[in-house]
Amino acid sequence: MMSAIPLQRDRWAFFNSLLEPNGSGGYSFILRMKPLEYKKSHSAIVRAKKMVNTHMLTYAPTQACRACGSSQGELLFSVSGCPVVRCAQCRHVFLDIAHNDGSIEEMYRQYGSTYETVYFEGINAGVEKNIDRFLARCRKYCAAAGPKPQLLDIGCGSGALLNRAQLAGFVCQGIEISAPLADQARQQTGCPVHTCFLADANLPEGSFDVITMYDVIEHLQSPRTDIAKARALLRPGGVLFLLTPNENALPRMIAKACYRLTAHAVSSPLEVLYYAHHLSYFTRASLSRLLLDAGFDIMGIHMQPYDLSRLRLSLLQRAALYMLLPVLMCCPPVQGKIALWARKR
Ligand SMILES: [Zn+2]
């Protein structure tokens, strides 16, 4: 007869087999646990889960919460050896990993080519329509700024938003740390594009009517610092616009439920939805909290579905996602993206 947990020492061996050094003196849970010798034993899995949960409750994040600054967090799971943590205070979800300017630059060295070829198709008409809609709202919110509002696009990439903003009458500048993307943006728009981190940008304070961060804030090591810098660059009453993936999106909820319900055996959906470039996973609440703490008034939040037209998917994957769309459209809180406008207090 097979014993559930054969011996005390084997139980600890099993527990330790779920951990691996994370390179910063701590340990990460190994996401895929396939200990065949225990698979047939339900009670072994139950007991192991209890031990894992105990460890999760006492997990001490190495990074402060990127939304509220709290140091208390709960370990949710790991992706590619990197812990994914939920803040005990504001429930913000983030990768518990420390980056510096050098490691961020390294991560984005090839970003322009890999991002577009691996994950997404290029900018298309649907994306431009989305950008136009957001710029129209920005324009409305800064009506007092006159006919030529000054706009700064942080993380401008190859200049898609700058291009549309110029057509909409904005006077534009961009910031982009990827040199090849910044070159493309300059060539395509003729706008000044600063190739540096926001913190190092030599721009006069109080000089912009609108600052946009379109799919950018989730990439930042220190959103609180960068939002404070953006606020300093805005004129009094200036508007900050943010677009970011929604942590409460339905696909993420399904992936996390699969992981929990299978005693951590099914992790591949998490590996698709959580990845190294996205250091933060905001909800409406955690994003609002960050902005309110930084001295902004929230003017509007709009939930929108993922832009499926740009995803590189097989025919089957695309069909499955389009079948999910009606569900997503009926329930805005679980949609894929959060668009938020906030005014400098
Ligand atoms: Zn927090």
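Quickly run through the range 64-98 and pick out the residues that are hydroxyl-bearing (S, T, Y) and under 16 Å from S222 (Cβ atoms). Steps first, answer last, please.
First, pick out the residues of the range 64-98 that are hydroxyl-bearing (S, T, Y): 70-71, 78, 80.
Residues satisfying the conditions are S70, S71.
Scanning the range 81-96 for residues that are more than 8 Å from the ligand (Cβ to nearest atom) and over 16 Å from the mean Cα position of the chain (by Cα) yields one hit, G81.
Identify all residues within the range 192-204 that are within 27 Å of the chain's Cα centre (by Cα) and either charged (D, E, K, R) or part of a loop (DSSP other than H, G, I, E, B) (or both); write none if there are none. I'd like the intermediate steps shown before the answer.
Let us first name the residues in the range 192-204 that are within 27 Å of the chain's Cα centre (by Cα), namely 192-203.
Within the range 192-204, P192, T195, C196, F197, D200, A201, N202, L203 qualify.
Inspection of the range 295-302 finds no residue satisfying the criterion of being among the small types (G, A, S), modelled with pLDDT under 85 and closer than 26 Å to Q89 by Cα. With respect to the stated conditions, A263 is assigned to a loop (DSSP other than H, G, I, E, B) and either at positive phi or without any contact (Cβ under 8 Å) to a residue 40 or more places away in the chain (or both). Counting the residues of the range 266-302 that are away from the ligand (no atom under 13 Å from the Cβ), touching a residue at least 24 places away in the same chain (Cβ under 8 Å) and either in contact with a strand residue (DSSP E or B) (Cβ under 6 Å, 6 or more places away or on another chain) or in a helix (DSSP H, G or I) (or both) gives 13.
Does A232 meet the test of being touching an Asp or Glu at 6+ places or on another chain (Cβ under 6 Å) and farther than 30 Å from L324 by Cα? Answer is yes for this residue.
The values are calculated or read from the model by the stated rules, or taken from the named source; none is laboratory data. None of the values given here were measured: they were computed from a predicted structure. Cβ coordinates were reconstructed from backbone atoms using ideal geometry, including for glycine residues, and neighbour counts include every protein chain displayed.
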